[in-house]
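The values are calculated or read from the model by the stated rules, or taken from the named source; none is laboratory data. Computed from a predicted model, the values in this text were never measured in an experiment. Glycine also receives a Cβ, built like all others from the backbone with ideal geometry; neighbour counts cover every protein chain displayed. When the accessible area is computed, the model is the full protein with side chains, heavy atoms only, and any ligands, DNA or RNA have been set aside. Shrake-Rupley method; radii C 1.70, N 1.55, O 1.52, S 1.80 Å.
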Amino acid sequence: RLASAATVLVTIASLAMAIRYAHATRWAMLAGEEMQTHSLEGGALRVSVPRDWSYELPAGRGGVHRFVRPQVGVIALCVLPPRETRDLAAQAQDIRIQWAKEGRDFLASRDLTINDQAGIELLFRFGGQGFTQRDRVVLFPTWDGRTLQARFVCLESHYRVMELLFDKVLHSIQQGPPRPASGAAQRVWQRVIEHPDDPDACIALATLYAQEGRPGPAEQLLLAAIRQRPGHASGEAKP
């Protein structure tokens, strides 16, 4: 009986590890996915998106730039008009109120920095017609005094895997004249975007995730690094 119980425990542990490595493999695929840089808003805005996502032109001036991969997700960017009396917090509150009216459940918010610009991130859940969708909205100021809204949408069941890809797209956004990354966090993201197969870049990003209090993505990245280069990855992300 003890031997049987031990066998069951070992099988369960092996299955759990296999599931974790399966997630890590999918993360590794997203980390290494080939990106294509798009120039938007007359060159004032640039973003890198996976090459196999299709681009949809805005309906008019000031419209939404959409990147779509059917059955996977949507990435939408929009430069909002200037509001002299409305700061980011007020605009974020407007979104929360409007989306609550549309039946979206607010999950969380946090402050973050994108290319040295302080922004606000909002997470929502929306269910209907047999599916549950995760919406992630990030607001941060543009170089010319307006507000950039980046929205990422996917099925909630896919969000943990898609989170890394959405982060890569978000941190690839460049505004105004090209300039080198100045902040330490942005330099890490630049390494990941330019050299996705570099295990050192993967581990550096895992360390950054851990410092931001996001242990789940940090663990997935370390597993992905070990999976890609078993003899190289040290897995020494600081808590």
Quiz item: Based on the Cβ-Cβ distance of residue 117 and residue 97, what FRET efficiency does E = 1/(1 + (r/R0)^6) give at R0 = 30 Å, to the nearest 0.05?
Solution: 0.80
Quiz item: How do 132, 142 stack up against each other in accessible area, from largest to smallest, with a 1.4 angstrom probe?
Solution: 132, 142
Quiz prompt | Estimated FRET transfer efficiency (residue 37, residue 211; beta-carbon r; R0 25 Å; 0.05) | solution = 0.35
Exercise. Go through 166, 196, 184 and say which Cα lies farthest out towards the positive end of the charge dipole of the range 119-213; charges sit on Cβ, +1 for Lys and Arg, -1 for Asp and Glu.
Key: 166
Self-check item: Solvent-accessible surface (1.4 angstrom probe) belonging to residue 56, in square angstrom, nearest 10
Solution: 80
Quiz prompt | Simple Cβ-charge dipole of the range 82-172, Lys/Arg +1 and Asp/Glu -1, about Cα centre, in debye nearest 20 | solution = 240
Practice problem: Report in % the part of the accessible area of the range 89-219 that belongs to carbon and sulfur, leaving out ligands and nucleic acids; probe 1.4 Å. | Solution: 51
Practice problem: Leaving ligands, DNA and RNA out of it, work out the accessible area of residue 227 with a 1.4 Å probe and give it in Å² to the nearest 10. | Solution: 130
Quiz item: Where a ≥ b ≥ c are the square roots of the eigenvalues of the C-alpha gyration tensor, would you call the range 119-207 rounded, which needs a/c under 1.5, or, failing that, prolate if a/b is larger than b/c, or oblate?
Solution: oblate
Quiz item: Rank 35, 162 by accessible area, highest first, at a 1.4 Å probe radius?
Solution: 35, 162
Practice problem: Among 152, 129, 63, pick out the residue whose Cα is farthest towards the positive end of the charge dipole of the range 56-172, where Lys and Arg carry +1 and Asp and Glu carry -1 on C-beta, about the Cα centre. | Solution: 129
Quiz item: Just by accessible area at a 1.4 angstrom probe, what is the order of 198, 105, 167 from largest to smallest?
Solution: 105, 198, 167
